[in-house]
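The values are calculated or read from the model by the stated rules, or taken from the named source; none is laboratory data. Predicted model only: the values in this text are computed from it and were never measured. Cβ: placed from backbone, ideal geometry, glycine included. Neighbour counts: every protein chain shown. Just the protein is used for accessible areas: all its heavy atoms, side chains included, with ligands, DNA and RNA removed. Shrake-Rupley method; radii C 1.70, N 1.55, O 1.52, S 1.80 Å.
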Amino acid sequence: MDLSDFTKDNSENAILKSIVPQICKDEPCCLGIDEAGRGPVLGPMVYGVSFCPLSCKEKLEQLGFADSKTLSEEQRDELFSKIKDANDFLGFEVEILSPNYISKTMLRRTKYSLNAISMDSAIGLLRLAIEQGANIKEVYVDTVGDASKYQEKLQGLFPRLEITVTPKADAKFPIVSAASICAKVVRDQVLKSWIFFEGDDIVTRDYGSGYPSDPATKHWLADNMDKVFGYPQFVRFSWSTTSTLLENKAYHVHWDDEDEDESAKGTASLFSFFAPKNADPRDKQHSFFEERHLKRVESF
């Protein structure tokens, strides 16, 4: 599994995928969707999909898939190797959702929930499989939030597909179990290869499971807080665990009133020295507009 693109810039998301087996293009297929790392305060969340022909369901069951959460790391690695070796009839895709992306999306001016982020990823991976030529007919999804509402949303977007959204889908459908294993193994590899670009001041890599209730995770968060800058991008700032620690332990910042000081009138702004000559400051849009891809128009 080549993680080099994500390792170079772990502040952005990345998609990894197998080739689509020819049989998956020729025959109707089932596709499963699941995630790994939804709850931790540390590290990325990874969404995975796996797909195979309906005619190969028994073949899939013989590989011995189960919910990744019930397996040891060694068992997951072994099953992931089986998935890669079965590339004549089995395909997969994973999306790595960086902690930085999760934080800035959930904390932006227009609030966006983790459920919405999860659904966006699942929908994007399903669309990608179809665009790559996979002949998807049946879809099985491990739910986030209300299963009936999630299924209704997916059915509205993909009316020609037979879609089943249910809790514990990873324990009910082998194709979802395969997706779960792909997501979990990739997340484990990302955590092992994580590079802290913030510097060498990270006290220890022993951060436990990453879940807020884990004592090792709690110690890591306590040891690695910078009282001015907070935490490295490995941490999800949108989690209440993080915001509570920063509120109680970090330095409080006072933002001066932005009204112009009378004595400073006529003085060039410091930022003007970094702007290109003849640059019009009006050309720089506020992040509110950039995040929503809004542009000025003069005519319709």
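In table form, for the structure just shown:
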read-out	value
³J(HN,Hα) computed for each position of segment 167-176 - Karplus, 6.51 cos²θ - 1.76 cosθ + 1.60, integer Hz, glycine/proline x	x, 6, 4, 5, 8, 9, 10, x, 5, 6
Cleavage-rule hits, trypsin sites (Lys or Arg not before Pro), segment 84-188, DSSP coil, Cβ neighbours within 10 Å at most 11	ARG109, LYS111, ARG160, LYS168
Sites matching chymotrypsin sites (Phe, Trp or Tyr not before Pro) across segment 128-216 that sit in DSSP coil, with at most 14 neighbouring C-beta atoms within 10 Å	PHE196, PHE197
Among the listed pairs LYS8/LYS82; LYS111/LYS153; LYS82/LYS218; LYS8/LYS218, those beyond 30 Å (Cα-Cα)	LYS82/LYS218
Segment 4-192, accessible surface, carbon-and-sulfur percent (1.4 angstrom probe)	48
Rounded to the nearest 20 debye, dipole of the chain from Cβ charges on Lys, Arg, Asp, Glu	640
Å² of accessible area per residue within the chain, as computed with a 1.4 Å probe and no ligands counted	58
MRE, 222 nm, helices only [DSSP H, n ≥ 4, -39500 (n - 2.57), over the chain, to nearest 500]	-11000 deg cm²/dmol
Solvent-accessible surface ranking, highest first, for VAL141, VAL253 at 1.4 angstrom	VAL253, VAL141
Set LYS17/LYS168; LYS84/LYS184; LYS17/LYS84; LYS25/LYS59; LYS192/LYS249 screened for pairs whose C-alpha atoms are more than 21 Å apart	LYS17/LYS168; LYS192/LYS249
Relative contact order (%) - criterion: Cα under 8 Å, at least six apart; region: the chain	24
